[in-house]
Structures are given as structure tokens and as C-alpha cells.
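What follows is calculated from the coordinates using simple rules that are stated; it is not laboratory data. Remember, predicted model here, so these are calculated numbers, not experimental data. Here the Cβ is made from the backbone with ideal geometry for all residues, glycine too, and neighbour counts use every protein chain on show.
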Amino acid sequence: MPVTSPDSRSTPRGFRAMVPAALWHELLRRGTRRDYRTNEHLLVQGAPGRSLLVLTAGRVKVVHTDSDGGVLLLALNGPGDLLGEMAARDGGPRSATVVALEPCVAYLLTAEAFDHVLRAHGGRAEFDRYFVRKMRGSNQRTSALAHRSPRQRLIGLLLEVIELAGEPPEEPVVVPFSQTLLAQALGVSRSLVAQLVAQLRAEGVLLADRRLLVADLARLRRLAAAADRLTR
């Protein structure tokens with residue numbers, strides 16, 4: 001089903017939280033609305049990059065495919081984020097593919113239109129801070145792959161994708177990942193993911209269901225906080 005509310009979060013996040021409402025709404029006014037289905041590509045690695053997307057509804061994953069066919073999860077983004085701003089910034093090809101985890105709404109702007117809005121509303125400094133913040137987040141994800149156990153990474157990923165949705169959801173919470181996609185995102189085998197999911201189900205964090213359903217969000221948050229303390 002298409003998403004009907006393009007900017008429905010009560011608590012802004014991402015670039016939306018960093019800029020005045022007038023700037024944000026001017027971006028939407030100048031953009032062209034695009035609706036995306038689950039698993040549809042919003043941007044494709046290697047394609048020309050003279051435009052960017054302003055994401056207003058739905059969650060996406062950002063993945064990079066290397067020359068050997070390996071796929072690396074670079075980021076998860078949600079409402080309030082910009083997509084494709086790196087290529088729009090330097091004019092190069094897309095460095096990653098963006099895939100919808102659920103129905104999404106985004107507004108397409110040319111790089112020139114985006115720059116015009118930033119200049120008109122004095123938003124260049126906020127954009128630079130946002131860009132650096134995203135790069136730092138990507139570096140932290142890479143560090144986590146090296147220093148956290150697969151279980152810790154799984155717990156962190158489950159919580160991250162849930163919190164991107166916005167307001168605290170009612171339990172059980174559906175996580176829009178299959179076990180195969182989780183294995184790809186974590187860089188481990190599907191059999192290991194199945195073992196870890198089974199552990200979390202036995203602990204009452206997840207429900208026994210063909211989908212990934214979080215039954216105890218508070219416990220998931222405690223497990224994630226404990227993992228953070230262990231890896232500091």
C-alpha cells in the first residue's frame with residue numbers, strides 16, 4: 001500500500017531535526033514526490049548522481065556491492081534523512097544502492113535546487129554537520145563489525161531499525177528483515193543468524209514466528225546497552 005503521509009513523525013530526526021521548518025518544507029515544495037514499494041531501489045550504485053532524495057516516510061537500507069559480489073550494509077536511514085547527497089555533492093556516480101525496507105515516500109531534487117534552498121535559508125552549515133555525522137556513523141558501523149560479536153551486532157541492528165520508525169511501537173514489533181538479509185547485513189552465515197535468533201526467542205526477546213517479532217523491546221534495549229558498555 002502507498003504511504004499517504006509524507007512527513008508524519010511527531011519527533012523530527014536526521015536532517016529534518018537540524019534545520020528550520022521553512023527550509024525543510026521548501027525542499028519538499030521544490031521536489032517531486034516519489035513512492036516506493038518494499039524492496040524497490042531508490043538509488044542504484046554506479047548510476048549518475050546529480051540529484052538527491054529527501055526521505056519523508058519509511059525506512060531504507062544503504063548497501064555497497066564490491067567487485068566480487070560481496071554486499072556490505074553501510075547504513076539504515078529513515079524519515080528526515082537525505083539520500084544520495086554524496087554523489088550530488090561531488091557529481092560522481094552513486095557509491096551505494098538504497099533499498100526500501102517498507103513502503104517509502106521521498107522527494108527528488110536536483111543538486112542545483114537543493115543548493116539553492118540551502119543558500120536561501122542559510123542551511124549550508126547544518127548540511128555540512130549532517131554529512132559529517134553520517135560519515136561518522138558509517139565509520140562506527142565498520143568498527144562494530146570488527147569489535148563486536150555477531151550476537152551484539154544482531155541486537156544492535158534490531159534496535160536500530162526499530163528506533164528509525166519513530167514513536168515507540170506497540171509490541172510485538174515487526175522488524176522488516178528476513179534472516180537471510182540479517183546474515184547479509186551482519187556479514188555472517190544464515191545458519192549463525194538462525195542460531196542467534198533462536199537464542200533470543202528462548203530468552204523471550206523475540207517471538208516464535210516466521211517473521212522477526214520483538215516481544216520485549218525493553219529487554220532488547222538493555223541487551224544493546226550492555227553490549228555498548230562491553231565494547232567501550
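Hydrodynamic radius of segment 14-114 by the Kirkwood approach over all distinct alpha-carbon pairs: 13.6 Å.
Using Cα pairs closer than 8 Å and at least 6 residues apart in sequence, work out the relative contact order for segment 73-232, in percent. Before the final figure, lay out each step's value.
Working: 108 pairs, mean separation 36.9, N = 160.
Relative contact order here is 23 percent.
With q set to 0.24, 0.25 Å⁻¹, the log10 of I(q)/I(0) for segment 137-232, from the Debye formula over equal scatterers at the Cα positions, is -1.47, -1.57.
Report the calculated FRET efficiency for residue 67 and residue 37 (r = Cβ-Cβ distance, R0 = 35 Å), to the nearest 0.05. Don't jump to the answer; show the numbers that get you there.
Values: r = 29 Å, r/R0 = 0.83.
With R0 = 35 Å, the Cβ-Cβ based efficiency is 0.75.
Label separation (residue 209 vs residue 133): 3.1 nm, computed from points 7 Å beyond Cα along the C-beta direction.
The residue 222 and residue 112 beta-carbon pair, evaluated with R₀ = 41 Å, returns a calculated FRET efficiency of approximately 0.30.
With kT/(6 pi eta Rh) evaluated at 37 °C and eta = 0.692 mPa s, and Rh the Kirkwood radius from Cα pairs, segment 18-75 diffuses with a coefficient of 236 µm²/s according to Stokes-Einstein.
Give the peptides 206-218, 173-185 in descending order of average Cβ contacts within 10 Å, highest first. Don't jump to the answer; show the numbers that get you there.
On the way: 206-218: 15.5, 173-185: 18.4.
Descending packing order for the listed peptides: 173-185, 206-218.
Expressed in nm², what is the orientationally averaged projection area of the convex hull enclosing the Cα positions of segment 34-178? List each step's numbers first, then the result.
Numbers: hull surface 38.8 nm².
Here the figure is 9.7 nm², rounded to one decimal.
Across segment 72-121, the volume of the C-alpha convex hull divided among the residues equals 98 Å³ per residue. Which parts of segment 122-163 would a label at residue 29 reach, counting a residue when its backbone N lies under 19 Å from a point 7 Å out along Cα-to-Cβ? Correct set: 122-124. Per-residue ellipticity at 222 nm, computed for the chain from helices alone with -39500 (n - 2.57) per DSSP H run of at least four residues, works out to -14000 deg cm²/dmol. Here's the picture: charge each Lys and Arg Cβ at +1 and each Asp and Glu Cβ at -1 in segment 46-98, and of 55, 84, 71 the one pushed furthest to the positive end of that dipole is 55.
Taking packing as the residue-averaged number of other Cβ atoms within 10 angstrom, the listed peptides 51-59, 189-197 run from highest to lowest as 51-59, 189-197.
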